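The values are calculated or read from the model by the stated rules, or taken from the named source; none is laboratory data. Worth saying up front: this structure is predicted, and the values here are computed from it rather than measured. No Cβ is skipped: glycine too gets one built from the backbone with ideal geometry, and neighbour counts run over all protein chains shown. Side chains included, ligands, DNA and RNA excluded: accessible areas come from the protein's heavy atoms. Shrake-Rupley method; radii C 1.70, N 1.55, O 1.52, S 1.80 Å.
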Amino acid sequence: MFSKEDNERLCRVGPDTPMGNAFRSMWIPFLLPEELPAPDCPPVRVRLLGEDLIAFRDTNGQIGLLDRYCPHRLVDLFYGRNEECGLRCVYHGWKFDVSGAIVDMPAEPENTQMKCDTRIKSYPVLEWGGVIWAYMGDQQQMPPNPPEFEWGLVPADFRFITKRLQRTNYAQGVEGGIDSSHVGILHSRLDPDRAALPFRQRQLTPSPVTAPYLASDVAPKFFVRQTNYGMAIGARRNASESEYYWRVTQFMAPFYTMIVPLKEGRAYLGHAWVPIDDYNCWVFTMTWNSHEPLSQDELDRGAVHSEVMDDGSYKPIVSADSDYGINRAHQRLYSSTGIEGIGMQDTAVQESMGSIVDRSRENLGSGDAAIVAFRRVLLKLAQQFESTGQLDIAHHPEWYRVRSAAAILEHGVDFQSGTAAATRVL
Ligand code: FES
Ligand SMILES: [Fe+2]
């Protein structure tokens, strides 16, 4: 059983929490470039790891990430004026550059010492791989690069990245992302002609290539292997007398997941579950090809994970307020949930647990092996940071050069070594 104390350690990410401190020692994706599209564009409110911040792109195109509140008398810098290489507070005109230095105090004497003595909290930012990253940890320990995910290494037209708000703790999102045993149930589509049959026999099969394996063995066995980046999860199904069909997915610390495309040859798919605070997270969905630009069809499939409002809030178009648009007639005939879209189906179940689920009340089964291992990996991460003041993964961006894979392997072949060539990004 997972204790309430461990649950607190796992979920709390604010300043001076064990997990929050560990996360702060890594680069964290938090904005899409489209949110700061041009020099001197409007600033953007940011809430990250429980801290209220403001992001702006200055006249030179550099990005600043500052405390949301002006250090003079704490006015919200969202109302600030983004002008000539700095963000100016509209109340008394204090102006800050991207490094957090104060470059102007018009209501103070020309040579005031205050200008040198006062700073605003600021965090380093970089743009890489189609997202904007922040580093909120100790300056002396700052890793030079973010993790080297394949989606970040490929050319821009090989990838598509979206984001949406989820009203849960990040860990609930990650647990949904690595929980392969829900895929064939929560996301299943049903054949109305087979309505009289038991649930399993009513499901539509997803693809001509994988269908025989997925259909012949609906309860795969899960194998979890800890790795330097987090863990590899092997889902094993019977394929023939002498072979298994394996699907290998990854959890990459501290909050990244990867899944196998439902159809062979399709684009890869991954998620980042970035903590806004203890009760909310950003779900970034990365869709990418390793060798060619994404097709329109692949772009459309990527988009279904994030159908959001077009007001810049990245809130999903349906939410708990409308019961995620559940259609009971559809639920009876066509799908498990009656809810449109894979992303919304995931969000509905994850948010329905409450924003921080009480893990001490769960009853975990054999399909939950990866969930148990994930919690262990993260608690170990917090422990490592507490005892050494740094994380190995933060300084090994190359550990993240892995991808998911599906393969047929002879009985007795280890799933990790059997798929090593397919899961490595060179
Ligand atoms: S409150 Fe910002 S300059 Fe006075
Ligand atoms: Fe799902």
query: Largest first, what is the accessible-area ranking of His271, His92 with a 1.4 Å probe?
result: His92, His271
- prompt: What cysteines in the chain have no other cysteine with a beta carbon less than 4.7 Å from their beta carbon?
  reply: Cys11, Cys41, Cys85, Cys116, Cys281
query: Of the peptides 350-356, 387-393, how do they stack up when ordered by the mean number of other Cβ atoms within 10 Å, highest first?
result: 350-356, 387-393
- prompt: How many angstrom lie between the C-alpha centres of segment 40-70 and segment 16-34?
  reply: 15 Å
- request: May I ask for the net charge around Asp76, where only other residues with Cβ less than 12 Å from the Cβ of Asp76 are counted and Lys, Arg are +1 while Asp, Glu are -1?
  value: +1
Cα-based Lys proximity count in segment 150-423, under 26 Å, for pairs eight or more positions apart or on separate chains: 4
- prompt: Looking at the square roots a ≥ b ≥ c of the eigenvalues of the Cα gyration tensor of segment 150-423, which shape do they give, rounded for a/c under 1.5, prolate if a/b is larger than b/c, or oblate?
  reply: rounded
task: Multiply the residue separation of Val425 and Asn228 by 0.36 nm, subtract the distance between their alpha-carbon atoms, and state the gained length in nm to one decimal.
output: 69.4 nm
task: Round to a whole angstrom and tell me the spacing of the C-alpha centers of segment 172-206 and segment 381-426.
output: 28 Å
statement: The summed charge of the Pro192 Cβ neighbourhood (under 13 Å; Lys/Arg +1, Asp/Glu -1) stands at +2
message: So if each residue of separation counts as 0.36 nm, and I subtract the Cα-Cα distance between Asp300 and Asn363, what length gain in nm does that give?
response: 19.0 nm
